[in-house]
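No value in this document is a laboratory result; all are computed from the given coordinates. Everything numeric here is computed off the predicted structure, so don't read it as measured data. Please note: Cβ atoms are built from the backbone with ideal geometry, for glycine as well, and neighbour counts cover all protein chains shown.
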Amino acid sequence: MSSAQVQSLSIDMLVVDDDEQLREDMTRFFSRLGYAVSECENGAEAIEHAVHRAFDVVVLDMMMPGMTGLETLRTLKERGCEAEFVMLTGEGTIETAVQAIKLGAREFLTKPTSLKELDRLVRKAIDSRRLRKENEQLKAVIHQQTPNRGMIGDSAELQQVL
C-alpha cells in the first residue's frame, strides 16, 4: 500500500505509549504518511478516545503505568472497538504475545523497532481489517439475495419467523 493509497483510505490511528518521545515520533511519522493520528499516554486516555471516535488501527504499548496494554486491549474489545491492534513491548515474551493475540491483537512487535517495520505491520493490519469488512459486506449481500425456500408469503409475522 503506497502513501497515496493510505491517504485515499483516510486511516484513523490511535498511538498509545507512555514514552513521550517515541509516541511523538510515531505520530509525526504516520501523519507524514497521511494517517489521521491521535495519541494518548495511557490506557485510560485510550479508552476515553475510543468512546468518541472509531479508529481503524491502534498501536498500543504493553507496559504502561496504571492500566497495562493487555488490560486496555481487553477493555476496548469488550466495549466493541473494531480497530486492529498492533502491540509494542520492550519486554516481549511468548506468553504475552500469545495472550495479546488471544485478546484480539493482530500484530506483536518488540521494542526497539524501526518505524518502517511498524509501518509494515500497521499496513498489514489495515489490509486485514479491509478484507474482514469486505467479507462481512459480501456475507450480508449473499444473505439478502438467498431466497427463502419452501415458504410462500411476505407478512411481517412470516418474515419474523423466517
Task: Listed values (i) -0.37, -1.29, -1.42; (ii) -0.45, -1.27, -1.35; (iii) -0.59, -1.26, -1.31, entry calculated as log10 I(q)/I(0) by the Debye sum over Cα atoms at q = 0.09, 0.20, 0.21 Å⁻¹ - done: (i)
Open item on the list: Can you compute the helix-only [θ] at 222 nm over the chain? Use -39500 (n - 2.57) per DSSP H run of at least 4 residues, normalise by all residues, nearest 500 deg cm²/dmol.
Closed with: -17000 deg cm²/dmol
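Could you order the peptides 15-22, 93-100 from most to least packed, using the average number of other C-beta atoms within 10 Å per residue? Intermediate results must be reported in sequence, preceding the final value.
Values: 15-22: 18.8, 93-100: 14.4.
Going by the mean number of other Cβ atoms within 10 Å, highest first, we get 15-22, 93-100.
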Task: Net charge over other residues, Cβ less than 9 angstrom from the Cβ of R129 (K, R count +1; D, E count -1) - done: 0
Task: Amide H within-cut-off set for L88, under 5 Å, with H built and near neighbours excluded - done: L60, D61, M62, L109
TODO: Between K111 and Q137, take the C-beta separation as r, use R0 = 41 Å, and let me know the FRET efficiency to the nearest 0.05.
DONE: 0.70
Task: Nitroxide proxy distance, nm - points 7 Å out along Cα→Cβ at R53 and E82 - done: 1.8
Task: D25 paired with Q144, simple spin-label distance in nm, labels 7 Å along Cα-to-beta-carbon - done: 4.7
